[in-house]
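Written below as structure tokens is the structure these notes are about.
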Amino acid sequence: MISTASFPGRPAPVAVRVDDWGWRYAGRRAWAARGLTLAIEPGERVLLLGASGAGKSTLLAGLAGVLGGDDDGETEGALLLDGGRPTDSRGRAGLLLQDPDAQVILARVGDDVAFACENLGIPRQEIWRRVSESLAAVGLDLPPDRPTSRLSGGQKQRLALAGLLAMRPGLLLLDEPTANLDPEGVLEVRDAVSAAVASTGATLVVVEHRVSVWRDLVDRVIVLDADGGVLADGAPDRVLADSAGRLRAAGVWLPESRVPAATAVGAGAPLLTARGLQVGRGPGISRRRSARAVARAAERARALALPLRVDTALAEGEAIALTGRNGVGKSTLALTLGGLLAPLAGDVAAEPALAGDAVPEPSRWRSTELLTRIGSVFQNPEHQFVASTVRDELAAGPRALRLPDRETATRVDELLERLGLSALAAANPFTLSGGQKRRLSVATALATRPRLLVLDEPTFGQDATTWLGLVRMIGELRAEGHAIVAATHDAEFVEAVGATELRLEAAEVAA
């Protein structure tokens, strides 16, 4: 339930001016954004669209004053908030980032929401009233002392939004705020933003690839051109009509976009089986040896396990989609099936077609055994980056397997081309856009050609073109006999890849 309470202390809405502005990250040849000129009037509500890598996130970071100084990159032109530089207007703009983990600062939910208010010098009594209102507004029904380390990615996104609402900024900058949320959470956050801007009058700029969620809330749509500048700007109905087809060619998700039909793929040899599986972040019991140790581990497992029980099987060519509300355990189950977490109870067993000569339980495999059998793509792409260039990132896995240099180079070149990353081969992975980081993380898992691919939110940050590319690639992998497990909220992705849905249900979100 979304709170309809007003937000006292109405801030003055911010005017935004962008004059031939651009930004290039240090060490990059290409500009992340360039030639941008636009004006946003106080109180306007703007939906910012564009292809993956067009500079949307960079623009928002610039408006929030967090891009950094001369050591971090090169800038040209001007960004102004109410006529002043963003770095001189801290507190006037609030930025919600793509990465939920990057925004969590303190150990407890209430303290995290209060953090920005404390830095702005707001009286203590007012701060905690705002904390309660903001948590209710985003539908995050958690006690203030709940550890932030136990929140799911979607819950962390709501937590970050609550922290912004508590600040009462005059400019609200949202970078894909619903990308990691379940369908119910998407509506809750959209309604929370609507209530906040209606009550405060704040200027709103929101970046999303999917238009339908925000179309009725905004009064203007601006589309950035991947080659620099603005591709389209105007009222939503006029811009989204796209009579010339420019937006579709640029990869913008339009309301009438259709989901491609899935290609039927027959199942091959069995790969993985889960029976009576319970998962959680505590220690597993599979490696315990003494009866007393097993008993202690089992007792702790019952206390730590998420309130769900999983029985499933996966064969060559099959795809399973893990769906359900935020916090129900999708990511934890994906890590367990991928051999990166041991079960708290029950069993995960690899069948001979996957295990080969290894022991059946994937969580007991060495890293080199996992590389060629199960590839995992984390919810946060940055958590698996280990190199300073995109090319070296893709080569890390094959090099760990001691493949010949020529074979490694061939695999890397194929993946760069397949996932639209060739122009970024020399770039630092951490300077890529959110969508580009996601494609790179998928590519790194594919570089060692595992039989089973486990993906956590694989379509996060993708425009229509790159989304379709991922769907086609997964279809090709299935046809080649690879199996897919995907934790996702993207119902269209589930339909397009022809995955069997395994919906996780729980009476409550585990602490």
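Residue pairs whose Cβ atoms lie under 6 Å apart, sitting 6 or more positions apart in sequence or on different chains, and linking a residue in the range 395-418 that is hydrophobic (A, V, I, L, M, F, W, C) to a partner that is surrounded by fewer than 13 Cβ atoms within 10 Å (Cβ to Cβ), are ALA396/VAL386. Among the residues of this structure, VAL193 does not count as one that is touching a strand residue (DSSP E or B) at 6+ places or on another chain (Cβ under 8 Å), in the same structural domain as ARG90 (by TED's automatic domain parsing), more than 23 Å from VAL104 (Cβ to Cβ) and surrounded by 21 or more Cβ atoms within 10 Å (Cβ to Cβ). Of all residues in the range 81-94, those being outside any loop (DSSP other than H, G, I, E, B) and surrounded by fewer than 18 Cβ atoms within 10 Å (Cβ to Cβ) number 3. The condition of being of a type outside the set (Gly, Ala, Ser), outside the structural domain of LEU432 (by TED's automatic domain parsing) and either over 21 Å from THR200 (Cα atoms) or more than 25 Å from the chain's Cα centre (by Cα) (or both) holds for only one of LEU81, LEU63, LEU96, that being LEU81. Scan the range 219-268 residue by residue and report those that are in the same structural domain as ARG45 (by TED's automatic domain parsing) and either touching a Pro at 6+ places or on another chain (Cβ under 9 Å) or among the polar types (S, T, N, Q) (or both). Scanning the range 219-268 gives ASP219, ARG220, VAL221, LEU240, SER243. Just to be sure, is GLY35 small (Gly, Ala, Ser) and either surrounded by fewer than 23 Cβ atoms within 10 Å (Cβ to Cβ) or at pLDDT 95 or above (or both)? Yes.
For the range 176-187, state whether one or more residues are at pLDDT below 90, of a type in the set (A, V, I, L, M, F, W, C), farther than 11 Å from LEU49 by Cα and not in a helix (DSSP H, G or I). For the range 176-187, residues at pLDDT below 90, of a type in the set (A, V, I, L, M, F, W, C), farther than 11 Å from LEU49 by Cα and not in a helix (DSSP H, G or I): present.
Specify the residue that is surrounded by the most Cβ atoms within 10 Å (Cβ to Cβ); the eligible residues are those in the range 468-485 that are in contact (Cβ under 8 Å) with a residue 60 or more places away in the chain, of a type outside the set (Lys, Arg) and assigned to a helix (DSSP H, G or I). That would be ILE474. For the range 95-115, does any single residue satisfy the condition of being in a helix (DSSP H, G or I) and over 27 Å from GLY65 (Cα atoms)? Scanning the range 95-115 turns up no residue that is in a helix (DSSP H, G or I) and over 27 Å from GLY65 (Cα atoms). Determine whether ASP71 is over 13 Å from GLY229 (Cα atoms), out of contact with any strand residue (DSSP E or B) (no Cβ under 9 Å at 6 or more places or on another chain) and surrounded by 15 or more Cβ atoms within 10 Å (Cβ to Cβ). So ASP71 does not fit the description; no. Using the structure shown, decide if LEU277 is outside any strand (DSSP E or B), surrounded by 13 or more Cβ atoms within 10 Å (Cβ to Cβ), at pLDDT 75 or above and not charged (D, E, K, R). Spelling it out, it is not the case that LEU277 is outside any strand (DSSP E or B), surrounded by 13 or more Cβ atoms within 10 Å (Cβ to Cβ), at pLDDT 75 or above and not charged (D, E, K, R). Within the range 422-453, if we keep just the residues that are surrounded by 23 or more Cβ atoms within 10 Å (Cβ to Cβ) and of a type in the set (Ser, Thr, Tyr), the residue that is nearest to the chain's Cα centre (by Cα) turns out to be SER441.
The values are calculated or read from the model by the stated rules, or taken from the named source; none is laboratory data. Predicted model, so just to flag it, every value in this text is computed and none were measured. Every residue, glycine among them, receives a Cβ derived from its backbone with ideal geometry; neighbour counts consider all protein chains shown.
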